[in-house]
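The values are calculated or read from the model by the stated rules, or taken from the named source; none is laboratory data. Just so we're clear, the structure is a prediction, and the values are computed from it rather than from any experiment. Glycine gets a Cβ as well: all are built from the backbone with ideal geometry, and neighbour counts include every protein chain shown.
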Amino acid sequence: MGGCEMAEASGERYDSNNVFARILRGEIPSDRVYEDGECVAFRDIEPAAPTHILLIPRRAGPVSTVGLADEDAGWLGRLIVRAARIAAEQGLAERGYRLVLNTGRDAGQTVWHLHLHILGGVELGPFA
Ligand code: 5GP
């Protein structure tokens, strides 16, 4: 907590034992719906919507969008394109869905490995 979390939130430190890193290594089971050489998608363990998928890059870092650089545009852009494809494969394209990328404590980020939420299957409420 405290200083340690602040460092993580500002993108200074990547903990290779965070829960998503462990999911990537297969140390924690996950319900995978998609994977390729660059990213993995799996169902959220506490779904906030009928369809709630997490899409994560395989790369070890960044922990959040804080500190992203121009060089990150390629893989991050492809991550969003893949999220759209997964959403379509899950049948969400017609009615719509939400992509969420929580950054830092105020946004409720709890896992310090950058990740996209794909939420759909219900009419989603307005933002907080
Ligand atoms: P954040 O709040 O950081 O944006 O999102 C982290 C998400 O990871 C939460 O929605 C939480 O339910 C999910 N999560 C945390 N631990 C696990 C886990 O072990 N397995 C899966 N599938 N999801 C997890």
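Some observations on this one:
- Some residue of the stretch 62-77 being closer than 15 Å to Tyr34 by Cα and either touching a strand residue (DSSP E or B) at 6+ places or on another chain (Cβ under 7 Å) or at pLDDT 95 or above (or both): no
- Cross-chain or 6+ apart pairs with Cβ under 7 Å, the stretch 27-49 first and under 18 Å from Ala88 (Cβ atoms) and in contact (Cβ under 8 Å) with a residue 12 or more places away in the chain, then near the ligand (Cβ under 8 Å from one of its atoms) and of a type in the set (Ser, Thr, Tyr): Phe42/Ser30
- Scanning the stretch 93-126 for residues that are without any contact (Cβ under 8 Å) to a residue 12 or more places away in the chain, under 26 Å from Ala60 (Cβ atoms) and part of a loop (DSSP other than H, G, I, E, B) returns Gly108, Thr110.
- Hey, Ala49 modelled with pLDDT under 95, of a type in the set (Gly, Ala, Ser) and more than 9 Å from the ligand (Cβ to nearest atom) or not: no
- Single residue of Leu79, Leu116 found to be over 20 Å from Arg13 (Cβ atoms), within 11 Å of the ligand (Cβ to nearest atom) and of a type in the set (A, V, I, L, M, F, W, C): Leu116
- Condition met for Glu123 (more than 22 Å from Asn18 (Cα to Cα) and among the acidic types (Asp, Glu)): yes
- Filtering the stretch 99-128 to residues that are surrounded by 14 or more Cβ atoms within 10 Å (Cβ to Cβ) and among the hydroxyl-bearing types (Ser, Thr, Tyr) leaves only Thr103.
- Residue that is surrounded by fewer than 17 Cβ atoms within 10 Å (Cβ to Cβ) and within 24 Å of Tyr14 (Cα to Cα), where the choices are Gly91, Gly96, Gly67: Gly67
- Qualifying strands (runs of 3 or more DSSP E) (wholly inside the stretch 7-67; at least 1 residues being in contact with a His (Cβ under 7 Å, 6 or more places away or on another chain)): 39-43, 51-57
- Residue in the stretch 79-95 that is modelled with pLDDT under 95 and not aliphatic (A, V, I, L, M) present: no
- Residue ID - nearest to Ile118 (Cα to Cα), chosen from residues in the stretch 35-59 that are loosely packed, with under 14 Cβ neighbours inside 10 Å and of a type in the set (A, V, I, L, M, F, W, C): Ala48
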